[in-house]
1. Report the Rg/Rh value for the range 145-253, based on alpha-carbon coordinates and the Kirkwood definition of Rh.
2. Tell me the angle of helix 105-116 to the major Cα principal axis of the chain, expressed in degrees between 0 and 90 and rounded to the nearest ten.
3. Where does the range 205-300 land on Rg/Rh, using Cα atoms and the Kirkwood Rh?
4. Nearest 5 percent is fine: what portion of the DSSP beta bridges confined to the chain is antiparallel?
5. Looking at the range 158-200, which trypsin sites (Lys or Arg not before Pro) are in a loop (DSSP not H, G, I, E or B) and have at most 12 other Cβ atoms within 10 Å?
6. List the chymotrypsin sites (Phe, Trp or Tyr not before Pro) within the range 272-305 that DSSP assigns to loop and that have no more than 12 neighbouring Cβ atoms inside 10 Å.
7. Filter the cross-link list 92/269; 192/269; 92/256; 114/156 down to pairs whose alpha-carbon distance in this structure exceeds 31 Å.
8. So what does the Cα-only Debye profile of the range 72-165 read at q = 0.15, 0.18, 0.19 Å⁻¹, as log10 I(q)/I(0), no solvent term?
Amino acid sequence: MKLTVAPFPGTRFRRTRRTSAIRALVQENVLSKKDLIWPLFLREGTNIKEEIPSMPGVFRHSVDRISEVASEAEQLGIAAVCLFPYTEIELKTKNCSEAWNPENLSNRATREIKANVHNLAVMTDVALDPYNIDGHDGYFRDGIIQNDETIKALVKQALSQAEAGTDIIGPSDMMDGRIGAIRQALEKNNFKDVCIMSYAAKYASAFYGPFRDAVGASGSLQGDKKTYQMNSSNTNEALRLIERDLMEGADMIMVKPGMPYLDICQRAKEDFGVPTFAYQVSGEYAMIQAAAQNQWIDGPNAILESLLAFKRAGCNGILTYFAPMVAKLLDN
Ligand code: PBG
């Protein structure tokens, strides 16, 4: 697109900034409640709402409370929730079989929500880390993450989530070939309408720290995730991963983390024009919250500004722990 600017005083940009009504008329990008996906943490027990220390304002909920939280999301006009389990240490094993247990936290919560809340999409996470004694997203043996063996487990996990009624499966594991395997298995088992949102460009990031506390994976993780998550320095690889996952049957793609990777969001949207999402991850949340709580920044405005950036970059939506706060802010 060719942008034209008449020489001053033909153009005075301040004309269209003079009042809030005029500013609203010329606004190029809009953040709406339907852009929001709210990640929720689950735990065992009854009537529990426990705050995560490194994520002030974010809670783990017991499954008996989850419908209430989900209906709050629905009433706020949020589009979807995304479920992450905090798994008790006794249930973490080498083979991660809790991941496809029909009665695991994620599957029970999905059934609860689907039975009680009707205008809300449920997204569930496919990866082994919440269930893995080694803390990794895949099977770990002889110092190596075992790609192809892991895929078989991920397929079982995805099928158990489809069986429980999930709307969107979000593979966050970064094994090669998992999208194709999951798509084939879904088709074969007559889950033809289950969406896959691939964590296609997921970087090995220092911004996941608080999340690993939230799901109880910090203690168990040995080493790092650099053999499967991306190198922060790469762009072309991200685009190849996105194309690969689309070819294998992903309906939507995600870039993660968010704010440090806005360039990737923009290129993904420009190059492929597919539904594109960003994950404003736990460390991004923690930074903004910490500064806001110290009154070093204006929290509400910083939150809205951080999310509008994703819209400007071309994202269709954002996974953000700020979702309920933002929905309320947008109402005012
Ligand atoms: C792991 C997973 C992670 C997140 C979502 N799924 C962490 C990781 O890769 O170690 C991070 C989300 C966040 O930081 O908010 N499957």
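Every read-out reported here was derived from the displayed coordinates using simple, explicitly stated rules and does not represent laboratory data. Please read these numbers as outputs of a predicted model, since none were measured by experiment. Quick reminder, even Gly has a Cβ in these numbers, built from the backbone with ideal geometry, and neighbours come from all protein chains shown.
1. Result for the range 145-253 is an Rg/Rh of 0.97.
2. 60
3. Ratio of gyration radius to Kirkwood radius for the range 205-300: 1.03.
4. 15
5. When the trypsin sites (Lys or Arg not before Pro) of the range 158-200 are filtered for loop state and at most 12 Cβ neighbours within 10 Å, 192 remain.
6. 296
7. Over 31 Å apart, Cα to Cα: 92/269.
8. The Debye formula, applied to the Cα set alone, gives -0.59, -0.79, -0.85.
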